[in-house]
Amino acid sequence: MSAAEAGQGGGLDRARAAIAAILEMEAGPEALNAFRSVADPEALTIQNPDGPLAGVPLALKDNLATLDLDTTCGSKVLEGYRSPFEATVVQRAVAAGAVVVGKTNMDEFAMGSSTENSAYGPTLNPHDRTRVPGGSSGGSAAAVAAGLVPMALGSDTGGSVRQPAGLCGVVGIKPTYGRVSRYGLVAYASSLDQVGTFGRTVEDAALLLQVISGHDDRDATSARREVPDLVAASGRGAGGLVVGLPQEYVSHHLDEEMRESINAAVAVLEDAGAEVRPVSLPHAKHAIACYYVIAPAEASSNLSRYDGVRYGVRQAEPDLVSMYEATRSHGLGPEVKLRIMLGTYVLSAGYYDEYYGTAQRARRLITEDFGRVYASGVDVLLTPTTPNPAFELGERTSDPLEMYLSDVFTVPANIAGIPGVSVPIGRVRGLPVGAQILAPWWQEEPMLAAAGALEAAYGSEIA
Ligand code: GLN
């Protein structure tokens, strides 16, 4: 039974039970710190009792604007911030009957790969509380993995839905850039940001994506495209698909046991009737360098709005410039400041072409690699989601480069704007790991079909 079917008929019981379970877990010795805020159980409503998500408890990453709960983006500068409007994806999920039960913890402004950059403390991995859940949507992934909610929304700028899904053993989808409205998603790097979905199963994550997809007049980058039947696609099977295995991805960054698990996934897809062939993405090795120029450049511009005037917490100072300085120094955390400085630097007059211009040219080459491979008759690509299973809390916090490499397999999809999904493929050293399926622009259907075929063989990994 899908999450949606289980929700129907139960009215608000399911959402109230979810809230009670969240409060109980978060108050006890098993606390995950997955939630930033929890809805008032007495104030819940189901907007559409006949909708496809009627009664389904839904958690939202805390960078999606909501009217009834704060939107803090894991930052002190937005502590207590209440949005005057609601994100389109939230409106659409609620219009389909979903019941928002809480907002989830995240790396500050979605900058991170472990949810340790939250100003409100790290979230723990429900499979092993000494380890990170991944990030930046770690709260949403942990909430689904712990069985607290069946579905959640996150955002994916360089892997922040797929990477925590992989490390928590749940399904996470990043749609094609433009498939989903970004209106009301707090901007990090606008040319890379997309809202994505988490579910216990491919079908649930696909259903939630189906509901939130489609053109929105309030986001000029959302496409006027038909939304295909993603739920049907997730059950279609891998028969007849041509699956490319990028040789560059299974090279030096990969843990030996991760390599074995990807080889096993190849065998599963072949058994399911797919043809797997090696392919080459020669420029993928530049993706992390390219990303860490473009994302900070866009972030430095997007985050200039947190000045103590328009948003958030203001530090009292006698004059305007000291007020700006004090507000930003006090309100923003170290990783966010690092990115703003990096972004300002690569956009500065003397360095713009050398860094930003070069990164834009690399972006074009990385994107063309995907185009060439897909044009050669490959339907989808298979890669690991992450180079390793979940790492220990604190293990990578002192080494930003090591942290950035957690996203080495997920970042290229954002650079190119193509869709990707992470689906559990068993365990490595007792911890869940994921396979990533990438597809051409707007081809979520074969992507979900391949993910569904892996899920049929491996099952689910809920903690
Ligand atoms: N880890 C990457 C970063 O820190 C990606 C984050 C994301 O997808 N939001 O920018």
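The values are calculated or read from the model by the stated rules, or taken from the named source; none is laboratory data. Since the structure is predicted, the reported quantities are computational estimates derived from the model, not experimental observations. For neighbour counting, all protein chains shown are included, and Cβ atoms are generated from backbone atoms with ideal geometry for every residue, glycine included. Surface areas here come from the heavy atoms of the whole protein model, side chains and all, with no ligands, DNA or RNA. Shrake-Rupley method; radii C 1.70, N 1.55, O 1.52, S 1.80 Å.
Phi-derived couplings, Karplus 6.51 cos²θ - 1.76 cosθ + 1.60 at θ = phi - 60°, listed residue by residue for region 55-66: x, 6, x, 10, 9, 10, 4, 7, 10, 9, 5, 10 Hz, with x used for Gly and Pro. When the Cα positions of 176, 117, 428 are compared along the charge dipole of the chain, 176 comes out farthest toward the positive end, with charges on each C-beta of Lys, Arg, Asp and Glu.
The apolar share of the surface of region 342-396, taken as the fraction of accessible area on carbon and sulfur atoms (1.4 Å probe, ligands and nucleic acids excluded), comes to 54 percent. Ligands, DNA and RNA excluded, the heavy atoms of residue 407 present near 10 Å² of accessible surface to a 1.4 Å solvent probe. For the peptides 191-202, 92-103, 308-319, 336-347, the ranking by packing is 191-202, 92-103, 336-347, 308-319, with the highest mean count of neighbouring Cβ atoms within 10 Å listed first.
Per residue, the chain reaches -10500 deg cm²/dmol at 222 nm when only DSSP H runs of four or more residues are counted, each adding -39500 (n - 2.57). In this structure, the amide hydrogen of residue 104, modeled 1.01 Å from its nitrogen in the peptide plane, lies closer than 5 angstrom to those of 36, 60, 61, 62, counting only residues at least 5 positions away or on a different chain. Shown for region 236-290: the carbon plus sulfur share of the solvent-accessible area, taken with all protein chains present and a 1.4 angstrom probe, equals 54%. Classified by the C-alpha gyration tensor, region 156-235 has an oblate form. Its axis ratio a/c, with a ≥ b ≥ c, is 1.5 or above, and a/b does not exceed b/c. Based on protein heavy atoms only, region 287-329 ends up with 47 Å² per residue of surface accessible to a 1.4 Å probe. Once the chain from residue 301 to residue 460 is taken as fully extended at 0.36 nm per residue, the excess over their C-alpha distance is 53.2 nm.
Shown in residue order for region 13-21 are the 3J(HN,Hα) couplings computed by the Karplus curve 6.51 cos²θ - 1.76 cosθ + 1.60 at θ = phi - 60°: 4, 5, 5, 5, 5, 5, 4, 4, 5 Hz (x for Gly and Pro).
Basic side chains Lys and Arg get +1 at the Cβ, acidic Asp and Glu get -1 at the Cβ, and with that the dipole of region 229-318 about its Cα centre reaches some 480 debye.
The residue 224 and residue 376 beta-carbon pair, evaluated with R₀ = 22 Å, returns a calculated FRET efficiency of approximately 0.15. Couplings 3J(HN,Hα) for region 376-382, derived from phi with the Karplus relation 6.51 cos²θ - 1.76 cosθ + 1.60 (θ = phi - 60°), are 7, x, 8, 7, 9, 10, 10 Hz, where x marks Gly and Pro.
Each of residue 270 and residue 42 was given a label point 7 Å from its Cα along the Cα-to-Cβ line. The distance between the two points is 6.2 nm.
Summarising the amide proton neighbourhood of residue 151: residues at separation of 5 or more, or on other chains, whose placed amide H is nearer than 5 Å comprise 59. Rolling a 1.4 Å probe over the heavy atoms of the protein chains gives region 26-138 an accessible area of 30 Å² per residue. Here region 30-149 has 48 percent of its accessible surface on carbon and sulfur atoms, given a 1.4 Å probe and all protein chains in place.
Once the 1.4 Å probe is applied to the protein heavy atoms, region 199-250 comes out at 42 Å² accessible per residue. Once backbone amide H atoms are built at 1.01 Å from N, residue 131 has 125, 393 as its partners under 5 Å, excluding neighbours fewer than 5 places away on the same chain.
Taking the Cα centre of the chain as origin and assigning +1 to Lys and Arg Cβ atoms and -1 to Asp and Glu Cβ atoms, the resulting dipole is close to 600 debye.
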